[in-house]
Amino acid sequence: MESLNNHQQLRLTIALKLGQLQREGLAQLSFSQVEETLLKWKWRKRRPSSLSEAVNDVLSLSGEEIVAFLSRQAIIEGQNQSISEFEDIIGG
C-alpha cells in the first residue's frame, strides 16, 4: 500500500481526524484504516492537487464513509479466502 509517510502535515491532520472519530464512537479505528480509506477510496481516481485540498478531504471524511469502505474491503477479502481460514471463527 502506498503511504503518506512523507507528508507530515497531512499525517497530523489524519491523526486529528482519527481522534475525533474515536471519540464519536469508532474507538477501534486505526490510523492505517483511515489512511487506506483515503488512498483506496477517496483518492482512488484523483489525488488532491494541493495540501489544502487534501486536508479538506481528510476533515470532510465521515465515520459512515470509512465503515462502508472497510465493510466492502472485508467482503472482497473474504471472497478470496477458503472456508478453512474461517474455522477459528465458526468453530470448525
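The values are calculated or read from the model by the stated rules, or taken from the named source; none is laboratory data. A quick note: this is a predicted structure, and the numbers were derived from the prediction, not measured. No Cβ is skipped: glycine too gets one built from the backbone with ideal geometry, and neighbour counts run over all protein chains shown.
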Counted residues in the stretch 43-67 being part of a helix (DSSP H, G or I), more than 19 Å from GLN8 (Cα to Cα) and among the charged types (D, E, K, R) come to 2
Filter the stretch 45-83 down to the residues that are among the acidic types (Asp, Glu), closer than 22 Å to LEU16 by Cβ and without any contact (Cβ under 8 Å) to a residue 24 or more places away in the chain and list them by number.
GLU53, ASP57, GLU64
Restricting attention to the stretch 36-75, and to residues there that are in contact with a Phe, Trp or Tyr (Cβ under 9 Å, 6 or more places away or on another chain) and among the small types (Gly, Ala, Ser), which single residue is farthest from HIS7 (Cα to Cα)?
ALA68
Would you be able to say whether some residue in the stretch 38-61 is of a type in the set (S, T, N, Q) and buried (at least 17 other Cβ atoms within 10 Å of the Cβ)?
no
Could you say whether any residue in the stretch 9-23 is surrounded by fewer than 18 Cβ atoms within 10 Å (Cβ to Cβ), in a loop (DSSP other than H, G, I, E, B) and modelled with pLDDT of 95 or more?
no
Among the residues of the stretch 24-42, what is the count of those that are more than 12 Å from the chain's Cα centre (by Cα) and assigned to a helix (DSSP H, G or I)?
0
